[in-house]
C-alpha cells in the first residue's frame, strides 16, 4: 500500500509524458503550453510534513489522495489547456501527500531497523515508476490521451479506498 502511494507522483508525471504532443494537438496549442502541465509537481511536497504533524497523517493522506483522484477526473475531462494545467496542479498537490506521507507513515509505524527496509522498498518503487510509466502511458495513448488520465483516476480511487480501509493514524 505504501509503495502504491509513493508511486502516485512518479506515475502521474511520467505516464502522460508520451501524450504531450497529443495534448498540444487536441487543444490547438503549442508544445510549450502542453508542457506547462508538468511544472507543478514539486510544490505540494512542501506542505504536507507540517500539516500532517499538526493534524495527523491519516486525514491529510486521505484528503490528498481524494484530491488526486478528483483532479485526475478533471484532467480526463478538461476542455482546454488552461483547465488541464489547473487540474494537473491539483493532481500534483494530491500526489504530494501520497508521496510524502507514505514515507512518514513507514517511519512512524516501524521500528528503526524495519523502517530502513520499508523505506528502501519505497525508494525502489519510486525509482521503477518513472521507468515503467512512460511505457504504460505510451500503450494507453492508443486509446487517446484521456485514457491515460482515466487510468490514473482508477489508480487514485483504488489507493484512496485502500488507504481508507487499511492505513491507521500513526
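Please go through region 140-149 and give me each residue that is assigned to a helix (DSSP H, G or I), over 16 Å from residue 94 (Cβ atoms) and in contact with a helix residue (DSSP H, G or I) (Cβ under 9 Å, 6 or more places away or on another chain), ordered by number.
Once the filter is applied, which keeps residues that are assigned to a helix (DSSP H, G or I), over 16 Å from residue 94 (Cβ atoms) and in contact with a helix residue (DSSP H, G or I) (Cβ under 9 Å, 6 or more places away or on another chain), region 140-149 yields 140, 141, 143, 145, 146, 147, 148.
Within region 101-109, does at least one residue satisfy the condition of being modelled with pLDDT of 95 or more and out of contact with any helix residue (DSSP H, G or I) (no Cβ under 7 Å at 6 or more places or on another chain)?
Within region 101-109, not a single residue is modelled with pLDDT of 95 or more and out of contact with any helix residue (DSSP H, G or I) (no Cβ under 7 Å at 6 or more places or on another chain).
Can you say whether residue 87 is without any contact (Cβ under 8 Å) to a residue 60 or more places away in the chain and either within 18 Å of residue 20 (Cβ to Cβ) or surrounded by fewer than 21 Cβ atoms within 10 Å (Cβ to Cβ) (or both), as far as the supplied structure shows?
yes
Out of all the residues in region 109-119, is one or more under 30 Å from residue 34 (Cβ atoms), touching a residue at least 12 places away in the same chain (Cβ under 8 Å) and surrounded by 16 or more Cβ atoms within 10 Å (Cβ to Cβ)?
Checking region 109-119: not a single residue is under 30 Å from residue 34 (Cβ atoms), touching a residue at least 12 places away in the same chain (Cβ under 8 Å) and surrounded by 16 or more Cβ atoms within 10 Å (Cβ to Cβ).
The values are calculated or read from the model by the stated rules, or taken from the named source; none is laboratory data. Here the structure is a predicted model, which is why all the values come from computation and not from measurement. So basically every Cβ, Gly included, is an ideal-geometry build from the backbone, and we count neighbours across all protein chains shown.
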